[in-house]
Every structure is written in C-alpha cells, then in structure tokens.
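Right, one structure below, let's go through it.
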Amino acid sequence: MILRQPLSINELIQLIGHPVTVKGDTSVRVTGVNELHSVRSGDLTFVDSERYHNRILQSDASVVLINDASVDCPEGKALLVTDDPLSDYLAVVRHFVHFTPQDMPIHPSAVIGEGTVIQPLVFIGENVRIGKNCTIHSNVSIYADTVIGDNVVIHSNSTIGADACYFQKRGDGWLKFTSCGDTYIGNNVEIGCNCCIDRGVSGTTYIGDGCIFDNLVQVGHDTHIGNRTLLGSQCGIAGCTYIDDDCKIWAKAAVNKDLYIAKGTVLLACSAIDKDVKEEGKTLFGMPAGDATAKWREMALMRKLPELIKELEELKAKLQTP
C-alpha cells in the first residue's frame, strides 16, 4: 500500500498509539506499508518471528516493527522495538484502510469504459476502474480498488478483490491481517463462473493479459499470474506465488504458496506443486508434481507391484524348501 503522504517516525509512533524503542535512522520517512512478500524502499513492515529476522532486515523495507531489542539495525533503516509488532502494524494499516458500507450497486467513484456491458445484479465497489468493451455478467462482485483492462469477460457469480485469507493464530482464535492491497486484471482476459480472485494483503494480485480461467478457480492474495496463462476448473493457487507467462494449470491442480513457476510450465490435472519450478516448458504430474514421463513410469511399476510381490513370495518359498 502506497501512502498519499509520507510519515515521519514520530507520526508513525502516534498512529501506533503507545511508546516504542527506536533504533537506527530516525530521519527515515515511511511512504508505504507492506508485509514481507511485497516490501519496497520506503515501506513499513513487521517481523515477530526470529525465523524471518534476516530476510526482513536484508529486505528493501525502510522501517521495521520488531520484538527483539538485541537485533542490530542495518544502515539506512529504522527499527521500532515493540512487544507485538503485528498488532502495531495493523493499527497503522487500519488508520488508512477501513470498510465503508455501500448502499448502491455501482459506487459513484467507479470508472467504466466505453462499450462495457454491466448485467443486472452486479456489484462494483469504490475506486474500481473497468476498461472498454468488457462484459460483466450477473451476480459478479468487484470489490474496491480493482483495476480491469479492456475486452475482459467475467462470468456470473465470480468475486474479484475480496479480502486475503491471511490470519495469525492467537491463543484460541485468529488475528486477521487487514487487506490493504489491490487487484489488477489485464486486457483480453476471460474469467469463468464462480471464480474467486483475492486482493493483495498489502501488494497487488496480478492477472496478466490474455489469461483464461475456467469455472471455480481460486487465486490467493499477492499472486502474479503471467500473460496468456490458462487455469482449468477447480484449480487453486495459493498466495504470494509467481506464475510466469504461457503456463497451463489444468483441472483440480494446486500450487502452494510463495513459489516460482517458470514460463511455459504445464501442470496436468489433479496434480500439486510444492516447490519452485525453475526450468521452462516442463510438463508436470502427480502429488507432489514431478516430470510427467517419470511419474507415469512410476505408476506403471506400481501396477505391477502385486505381481512382483507374488513372484518374490513364491521364490522365497522355493528357497526355504529343503
């Protein structure tokens, strides 16, 4: 999230609402608020797990909320030491982002391009921009801060830009990350029925030009889907994943969070990726997915396993016969 006006460290502490210990460069000004996966220079972010200390401190973030006073502050950054970095981070986010009820189907701030058709019972939220010659079918919901390009078709009952599913376990409940990111859909995209594309929790969920989604597709927060990528019915893409151009993710396939999927990857139906795919143009199959040809050979061998066990038992019996 980019702030309209930069914040000084003192202004930031006022938004947090209680004293914190400041280490490092107190002249730094905050120009944005982002969590780990989206941080840029000028951003405020947080870390409350030692596991991510190095990653955060070496990132481009300029101001870090942290719960460890012993950590050395890198040059050019400011550390704000506090008992609960996430809650203080969310206090800042909620100052700028909050839910505003809407009593009309299309918000007055929405911009809709020439030639675009909006069917009955469509909901369009605040600060939405829709390009030219689009068709938005009935019962589609387009949440605030969504940008949609030209020549886009969105079929009935799909939801664009809903909150990220991003929670932290606290005691016997869950603390929700307030979503302050947005959603971008490029040109010449077609989205099927009952698809859900979540907004970024702090950055942008990005759907590239020429993408095709079948029905019942789920795309998680802050995910990047490259140009001309096809997603089959019932497939799910977890948050913060980068899928490059010209990929094909077939029906009921799944891609885990925070991964990189190389250009031209083909993930066959009912498969699941749990590691980065770095080689371009690979065809993958299985759970976890691997080279499709190798996986099919494994399956062929598995079918022969009962016969091989029977032969082994017969051979063992012969060897044991006196």
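Every number here is computed from the coordinates shown, using simple stated rules; none is lab data. Not measured: the values here are computed from a predicted model. No Cβ is skipped: glycine too gets one built from the backbone with ideal geometry, and neighbour counts run over all protein chains shown.
Per residue of the stretch 37-52, what does 6.51 cos²θ - 1.76 cosθ + 1.60 with θ = phi - 60° give for ³J(HN,Hα)? Whole Hz please, x for Gly and Pro, Karplus curve as stated.
So the J values, rounded to whole Hz, are 6, 10, 5, 10, 4, x, 7, 8, 9, 9, 8, 10, 10, 4, 4, 9.
How many angstrom lie between the C-alpha centres of the stretch 9-72 and the stretch 111-126?
Answer, in whole Å: 39.
With a cut-off of 8 Å between alpha carbons and a minimum separation of six or more residues, what is the relative contact order of the chain in percent?
RCO, the chain: 8 percent.
For residue 179, what is the net charge nearby, where nearby means another residue's Cβ is under 15 Å from its Cβ and Lys, Arg count +1, Asp, Glu -1?
Value of the local net charge: -4.
Please find the FRET efficiency linking residue 55 to residue 21, where r is the Cβ-Cβ separation and R0 is fixed at 30 Å, and quote it to the nearest 0.05.
Using R0 = 30 Å, I get an efficiency of 0.85.
Which of rounded, prolate or oblate describes the stretch 2-96 when judged by the alpha-carbon gyration tensor and an a/c cut-off of 1.5?
rounded
Compute the orientation-averaged projected area for the stretch 84-185 from the convex hull of its Cα atoms and round it to one decimal in nm².
It is 7.5 nm².
Which whole-Hz ³J(HN,Hα) couplings does the stretch 182-198 yield from phi under the Karplus relation 6.51 cos²θ - 1.76 cosθ + 1.60, θ = phi - 60°, glycine and proline marked x?
My calculation for the stretch 182-198 gives 9, 9, 10, 10, x, 7, 6, 9, 10, 10, x, 6, 6, 8, 10, 10, 7 Hz in order.
For Rg and Dmax of the Cα atoms in Å, the choices are (1) 24.4, 92; (2) 19.1, 57; (3) 19.9, 64; which was calculated from the structure?
(1)
Return the distance in nm (one decimal) between the two label points of a simple spin-label model at residue 300 and residue 87, each offset 7 Å from Cα along Cα→Cβ.
Placing both labels 7 Å along Cα→Cβ, they lie 6.1 nm apart.
Can you tell me how the stretch 111-292 classifies by the Cα gyration tensor, rounded, prolate or oblate, using a/c under 1.5 as the rounded cut?
Oblate is the answer for the stretch 111-292, as a/c is 1.5 or above yet b/c matches or exceeds a/b.
Full extension from residue 138 to residue 287: what is 0.36 nm times the residue separation minus their Cα-Cα distance, to one decimal in nm?
Length difference between fully extended and current span is 50.0 nm.
Using r as the Cβ-Cβ distance of residue 174 and residue 114, and R0 as 51 Å, what FRET efficiency do you calculate, to the nearest 0.05?
It comes to 0.70.
Exposure proxy check: 308, 231, 175 ranked by fewest other beta carbons within 10 Å?
With the fewest neighbours first, 308, 231, 175 line up as 308, 175, 231.
Mind sorting 183, 82 by how few other Cβ atoms lie within 10 Å of their own Cβ, fewest first?
By the 10 Å Cβ count, ascending, the order reads 82, 183.
Looking only at 311, 11, 298, which one moves most when the chain is put into a Gaussian network model with springs between Cα atoms under 10 Å?
311
So what is the 222 nm mean residue ellipticity for the chain from helices alone, if each DSSP H run of at least 4 adds -39500 (n - 2.57) and you divide by all residues, rounding to the nearest 500 deg cm²/dmol?
That calculation yields -5500 deg cm²/dmol at 222 nm.
Considering the chain as a Gaussian network with a 10 Å cut-off on Cα pairs, which listed residue, 17, 125, 208, attains the greatest mean-square fluctuation?
17
Name the most mobile residue of 169, 282, 248, meaning the one with the largest mean-square fluctuation, in a Gaussian network model of the chain with Cα contacts below 10 Å.
169
Based only on other Cβ atoms within 10 Å, what is the fewest-to-most ordering of 250, 174, 296?
So the residues, fewest neighbours to most, are 174, 296, 250.
Considering only DSSP beta bridges whose two residues both sit in the chain, what percent are antiparallel, to the nearest 5?
15
Quick one: if you stick a label point 7 Å off each Cα along the C-beta vector at residue 5 and residue 314, how many nm between them?
8.7
Past 24 Å, Cα to Cα: identify those pairs from 169/257; 275/295; 169/252; 263/295; 176/257, in the order given.
Violating the 24 Å limit, Cα to Cα: 169/252.
Return the whole-Å distance between the Cα centroid of the stretch 290-322 and the Cα centroid of the stretch 75-104.
Taking the Cα centre of each part, the stretch 290-322 and the stretch 75-104 sit 59 Å apart.
List, in order, the whole-Hz ³J(HN,Hα) value for each residue of the stretch 230-238 obtained from phi through the Karplus relation with A = 6.51, B = -1.76, C = 1.60 and θ = phi - 60°; use x for Gly and Pro.
Working through the residues one at a time gives 10, 10, x, 4, 6, 8, x, 10, 6 Hz.
Suppose every Lys and Arg Cβ carries +1 and every Asp and Glu Cβ carries -1, with no other charges. What dipole size does the chain come out with about its Cα centre, to the nearest 20 debye?
It works out to roughly 740 debye.
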